[in-house]
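Input: a single structure, listed below in structure tokens.
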Amino acid sequence: MSVPRLLHALLAAVCAAAALSGPAGAQQPDPQPLILSPEPGERIPADQVLVAVSLPRPAGADSVSVRVGGRDVTAEAEVSGGVLTWRPREPLAPGPHRVVVTPGGGSGDARPLEWTFTVAPAARVAAAGAAGGAAPLPRPRSPALPH
């Protein structure tokens, strides 16, 4: 997710949080974590993977559980200013990756937030970016052989 899209997502999270606050004493639903990046179903290059989630309540890294592709990456995640972030130390393999973020450290007192994104092979991402994301890669043509 590009920086402008991430900032837009953060602004949307702030606006959503403001909309949830109502008159004093009014019963409000429990706020839920909000996915900032990558978006569910998004296809991104391996070098741009940044998992980011806005947490509704102040939390430390020790009070949130993070799993990517079935691997516990909680120790690698950071929480600052109510936003959890995780960037892989090594590029993720191409293909789908499932993210599960559980506030409360997986203790069972909060619903996990789950979604999947896809890491695209490097060549396909470059071609899709040049073509506006819609065109498939062309097949190379064989040189014409003399008869």
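The values are calculated or read from the model by the stated rules, or taken from the named source; none is laboratory data. Here the structure is a predicted model, which is why all the values come from computation and not from measurement. Quick reminder, even Gly has a Cβ in these numbers, built from the backbone with ideal geometry, and neighbours come from all protein chains shown.
If the condition is being part of a strand (DSSP E or B) and either surrounded by 18 or more Cβ atoms within 10 Å (Cβ to Cβ) or modelled with pLDDT under 95 (or both), then region 109-122 contributes 113, 117, 119, 120. Within the set 101, 125, 64, the sole residue that is surrounded by 13 or more Cβ atoms within 10 Å (Cβ to Cβ) and modelled with pLDDT of 90 or more turns out to be 101.
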